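See below for the structure under consideration.
Here, each number is a calculation from the coordinates, and none is a lab measurement. What you are looking at is a predicted structure, and each value in this text was computed from that prediction instead of being measured. Here the Cβ is made from the backbone with ideal geometry for all residues, glycine too, and neighbour counts use every protein chain on show.
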Amino acid sequence: MSKVSIATTPFEGQKPGTSGLRKKCRVFMGEHYLENFVQAMFDGIGGVAGKTLVVGGDGRFHNDVATQTILSMAAANGAARAIVGQNALLSTPAASHLIRTMQTDGGIILSASHNPGGIDEDFGIKFNMPNGGPAPEAVTNAIFERTQTIDTYHIWQGDSVDLSTIGVSSLGGMTVEIVDPVAAYVDLMQSLFDFPAIAKMISGGLSIRFDAMCAITGPYARAILEDALGAPKGTVTHGTPLPDFGGMHPDPNPTWAHELMDEMMGADAPGFGCASDGDGDRNMIVGPGCYVSPSDSLAVIAANAHMAPGYADGLKGVARSMPTSAAVDRVAEALGLDCYETPTGWKFFGNLMDDGRVSLCGEESFGTGSDHVREKDGVWAVLMWLNIMAATGKSVPQIMADHWTRFGRNYYSRHDFEAIETAKADALMTELRGALSGLAGRSEGPLTVAHADDYTYLDRVDGSTSAQQGVRVVFEGGARFVVRLSGTGTSGATLRLYLETLETNKLDLEPQEALASVIAAAHSIIGIESHTGRTAPDVIT
Ligand code: VG1
Ligand code: CO
């Protein structure tokens, strides 16, 4: 075994401003590619000599091989200690928890989240800070800068770590600690939620379906729902993490979690249905015959979180991403809570949580979480819902109906137009931005534009600003649409169109119907068809 330094050349590693690197798996498997990025990451954070890092991923193809490479490189770069999930597995929230509680200097999470896995699908890697949260832009930009100048990387060759056995070993002078990926996380959940009350509700007859989509949450959900809370074996389906996610697209939305949706909309639906994504940070909540939109889920949690023991003192404040609906704002107003708006991406919530301003955050993209970690957390959201159901004795449809009666209903939907040619998508955004100042007063059917802008965020904690975070067009009366390009795709561009309108009387409309005039206005103003040739979205959530 020997430590070697290998000459390399700059490469196009990561778009500045994105919180990690996502590429096709075969790109990561290319010669020096992963190594280059890991070295750029180490250099970008000021080196890893003497540091402790958490390493783990969602189990997708290449997860184990990449983990070995990262460990060999951490050792060669002088890291003191690595804490690794057994078999290189860690859900994103569980990794965040270990980073926070094990006195570490951060961690490396291997995942492309909800993107499909397999040798011909996606792979990803990102760095999380000592607070457990995704690296902020200053750090990801420093990593990007380093990819432009890198000339050498360091690695131990000729040895590897037994990732399957829990215990302590060493690699080229670095201590390697293989830990149970699930145990500490289960303890954390037990400290936040009323497990006895949830267990009683389950033994009293509530049936649950948790679809882990062959991704990372299977072992977590089984340990919690089946072992700790007494739900019958088989409650968790697709519960074994597979390198290709069994061919599933582990994105917990009505389109990709269609098996769960069919069951929940059927005659013999269980009392509660839920799903999580590739790396375990997203969630979808469904009741019998009742899909809960993520924006509504956030609002319901804001209104009821105090029922869970970990939140008995109430919330410090709430935050949502800009495209997320204002349903949570209405709850915050009623409860007298501060409500923050941030750009898309969990990294923007970190400062607000670290500063003690908010304890609940959420995004319309099936992400909800709290300051128990610094990532969104799918299993946490599921337990929060179960805790609310146990405390109120209400079903999901009852909770939703009561919520809308009390707060009104923000009808909401997101339309995704996928795999658009990048040049066409960029042209669409450029033209739209150029037209913004002239939009006020324009009428589209029953709607008149009140104002339009390109969202710039000012972080009130560190004073930093982030520009061009999404174009928003607000109509008189408050209906609005938002449009932005995805930063997480790996082929072409994805255009995301977010649609919202508030109703305080008609609470039982079908969302697409309630939003019809906003949808028509958005198409007309953006010119989606003339720019892209598309008339209908690929995915509706
Ligand atoms: C998407 C979502 C965003 C989320 C991000 C990461 O980003 O819209 O809300 O934070 O994925 O989620 P984009 O740029 O494609 O719209 V995950 O589950 O990757 O950690
Ligand atoms: Co995810």
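Roughly what % antiparallel, to the nearest 5, for the DSSP beta bridges in segment 2-181? Spell out each step's value before the answer.
Numbers: 20 of 34 bridges.
Here the share of antiparallel DSSP bridges comes out near 60 percent.
Please state the charge dipole magnitude for the chain, taken about the Cα centre, from unit charges on C-beta atoms (+1 on K and R, -1 on D and E), reported in debye and rounded to the nearest 20. Numbers along the way, then the final one.
Details: 38 positive and 63 negative charges, 101 e Å.
Taking the Cα centre of the chain as origin, the dipole is about 480 debye.
How would you rank Met41, Met189, going from fewest to most other Cβ atoms within 10 Å of each one's own Cβ? Spell out each step's value before the answer.
Working: Met41 28, Met189 24.
In increasing order of surrounding Cβ atoms, one gets Met189, Met41.
Got a sec? Charge dipole of segment 176-222, +1 on Cβ for Lys and Arg, -1 for Asp and Glu; which of Pro219, Val186, Pro196 is way out at the positive end?
Highest projection toward the positive end goes to Pro196.
Explain nothing, just the number: relative contact order of segment 2-181, from Cα pairs under 8 Å at least 6 residues apart, as a whole percent.
Details: 402 pairs, mean separation 65.5, N = 180.
Once normalised by length, the contact order is 36 percent.
Roughly how many debye, to the nearest 20, is the charge dipole of segment 2-181 about its Cα centre, given +1 on each Lys and Arg Cβ, -1 on each Asp and Glu Cβ, and no other charges? Don't skip to the end; give the middle numbers.
Working: 12 positive and 17 negative charges, 50 e Å.
With Lys and Arg at +1 and Asp and Glu at -1, about 240 debye.
How about segment 470-520: which GluC sites (Glu not before Pro) there lie in a loop by DSSP and see at most 14 other Cβ atoms within 10 Å? Display every interim value, and only then the final one.
Numbers: sites: Glu476, Glu500, Glu503, Glu513; in loops: Glu476.
Listed in order of number, the matching sites are Glu476.
Which value, in debye to the nearest 20, describes the size of the charge dipole of segment 148-297 about its Cα centre when Lys and Arg Cβ atoms bear +1, Asp and Glu Cβ atoms bear -1, and nothing else is charged? Each step should come with its number before you reach the end.
Details: 5 positive and 20 negative charges, 86 e Å.
Roughly 420 debye, rounded to the nearest 20.
How big is the chain by the Kirkwood estimate over distinct Cα pairs, in Å? If you can, show how the numbers build up before the last one.
Details: mean 1/r = 0.0420 Å⁻¹.
One decimal place: 23.8 Å for the Kirkwood radius.
Based only on other Cβ atoms within 10 Å, what is the fewest-to-most ordering of Leu335, Leu188, Leu90? Can you show the working numbers first?
Values: Leu335 14, Leu188 20, Leu90 35.
If I rank by nearby Cβ atoms, fewest first, I get Leu335, Leu188, Leu90.
Could you tell me what a quarter of the Cα convex hull surface of segment 194-248 works out to, in nm² with one decimal place? Mind dumping the intermediate values first?
Working: hull surface 13.9 nm².
Over all viewing directions, segment 194-248 projects a mean Cα-hull area of 3.5 nm².
Please label the shape of segment 409-540 as rounded, prolate or oblate, based on the square roots a ≥ b ≥ c of the eigenvalues of the alpha-carbon gyration tensor (a/c under 1.5 means rounded; beyond that, a/b larger than b/c means prolate, else oblate). All intermediate terms of the calculation are to be shown ahead of the outcome.
Details: a/c = 1.43, a/b = 1.17, b/c = 1.23.
It is rounded, given that a/c, with a ≥ b ≥ c, falls under 1.5.
Could you give me the percent of Cα pairs per 5 Å distance bin for segment 185-407, shortest bin first, beginning at zero and ending with the bin that holds the maximum distance?
Calculated over all Cα pairs of segment 185-407, the distribution is 1, 7, 16, 20, 22, 17, 11, 4, 1, 0 percent.
Please report, in whole Å³, the volume per residue of the convex hull around the C-alpha atoms of segment 2-181. Don't skip to the end; give the middle numbers.
On the way: hull volume 17.7 nm³, N = 180.
It comes to 98 Å³ per residue, whole-number rounded.
Counting each DSSP H run of 4 or more residues in the chain as -39500 (n - 2.57), what helix-only mean residue ellipticity at 222 nm follows after dividing by all residues, to the nearest 500 deg cm²/dmol?
On the way: 18 runs with 173 residues, N = 541.
The helix-only estimate for the chain comes to -9500 deg cm²/dmol at 222 nm.
Using the number of other C-beta atoms within 10 angstrom as an exposure proxy, rank Arg406, Arg282 with the fewest first.
Details: Arg406 11, Arg282 28.
Going from least to most buried by this count: Arg406, Arg282.
Would you mind telling me the antiparallel percentage of the DSSP bridges in the chain, rounded to 5? Don't skip to the answer; put the middle values down first.
Numbers: 63 of 91 bridges.
Percent antiparallel among DSSP bridges in the chain is about 70.
Looking only at segment 185-407, where both bridge partners belong to it, what percent of the DSSP beta bridges are antiparallel (to the nearest 5)? Before the final figure, lay out the partial values.
On the way: 12 of 26 bridges.
That works out to approximately 45 percent antiparallel.
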